[in-house]
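A quick write-up on the structure given underneath.
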Amino acid sequence: MFPQQTIIRILTIVFILITPTIVAAQTTLYPNGRELNEINGYPVPSGKPDMLFYLQRSLDLNSVIYEAKYTDARTGQRKLDTDEPVNIYWLIHDKEHSMKPLSRLQRLGYGVRSESTDDEIVQLKLVAYREMAILLKPSLKENKYDAHVSLEGKDVLLKKVFINIDGGTKLSPNVTFIEITGTEAQTGRKIVHRIKP
């Protein structure tokens, strides 16, 4: 048998090792019964089957949702609306998960420009960060589209864009870094890539 002091040390080490994991991903149940997953204190939008990716900022807990917009197809295969492929709106961090359209000014920061590259692929660029091309491609697993970016020479399914803002103004914020999170298309491995503008 181990001495009591050794057991206490082992339990303390185990607690220290698992605590960051517990803090990093939590689920909150709201009074209306809806769950809100959180990573590092920021909510993770869920229940959005057409969501391509979402954007968050260090200023608050609200999210900008980028959702694929489809046209009706008689074949049963959903077709992306190539004229207006993305629906963009705010998901407000409140008990009701309120949705709010972007204002004209906000579209300058969080809007997208799109162009069709062929019948099935559409290229997007964030208005405020045109250096990164986002390709909307049909999913290999589901009847929907996925957002792909190239990071570190790898094809990555984009899930989240996080913008860290430290001061500045609404029209000219001081962006210290942009963090791109996704999964590698080939392996499913999580990728987190930080850009300093």
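Some notes on this structure:
- Reported count of residues in the stretch 151-182, each being of a type outside the set (Asp, Glu), open to solvent by 40 Å² or more (accessible area, probe 1.4 Å) and under 22 Å from Glu120 (Cα atoms), is 2.
- Residue in the stretch 140-150 that is closer than 14 Å to Gly182 by Cβ and open to solvent by 50 Å² or more (accessible area, probe 1.4 Å) present: yes
- Residues (at pLDDT below 90 and charged (D, E, K, R)) located in the stretch 65-80: Asp72, Arg74, Arg78, Lys79
- Taken over the stretch 86-99, the criterion of being open to solvent by 80 Å² or more (accessible area, probe 1.4 Å) and not in a loop (DSSP other than H, G, I, E, B) is satisfied by Met99 alone.
- For the stretch 73-81, the count of residues that are closer than 21 Å to Ile134 by Cβ and outside any strand (DSSP E or B) is at least one.
- Against the numbered list (1) in contact (Cβ under 8 Å) with a residue 60 or more places away in the chain; (2) on the phi < 0 side of the Ramachandran plot; (3) open to solvent by less than 60 Å² (accessible area, probe 1.4 Å); (4) out of contact with any Pro (no Cβ under 6 Å at 6 or more places or on another chain), Gln77 comes up short only at (3).
- A search for C-beta distances below 9 Å between a residue of the stretch 157-168 that is closer than 17 Å to Leu61 by Cβ and any residue that is small (Gly, Ala, Ser) and open to solvent by 50 Å² or more (accessible area, probe 1.4 Å), counting only pairs 6+ apart in sequence or on different chains, returns Ile163/Ala128.
- Residue in the stretch 100-117 that is assigned to a loop (DSSP other than H, G, I, E, B) and at pLDDT below 90 present: yes
- For Leu151, the stated conditions hold: it is of a type outside the set (Val, Ile, Thr) and over 23 Å from Thr71 (Cα atoms).
- Residues satisfying the stated conditions in the stretch 94-110, i.e. among the hydroxyl-bearing types (Ser, Thr, Tyr) and touching a residue at least 40 places away in the same chain (Cβ under 8 Å): Tyr110
- The set of residues in the stretch 169-194 that are free of Cβ contacts under 8 Å to residues at least 40 places away in the same chain, of a type in the set (Val, Ile, Thr) and closer than 16 Å to Tyr129 by Cα comprises Val175, Thr176, Thr181.
- Among the residues of the stretch 32-50, those identified as on the phi > 0 side of the Ramachandran plot and at pLDDT 55 or above are Asn40, Gly41, Gly47.
The values are calculated or read from the model by the stated rules, or taken from the named source; none is laboratory data. It should be emphasised that the depicted structure is a prediction, and the values quoted were computed from it without experimental measurement. Don't worry about glycine lacking a Cβ; one is built from the backbone with ideal geometry, like all the others, and counts go over all protein chains shown. Surface areas here come from the heavy atoms of the whole protein model, side chains and all, with no ligands, DNA or RNA. Shrake-Rupley method; radii C 1.70, N 1.55, O 1.52, S 1.80 Å.
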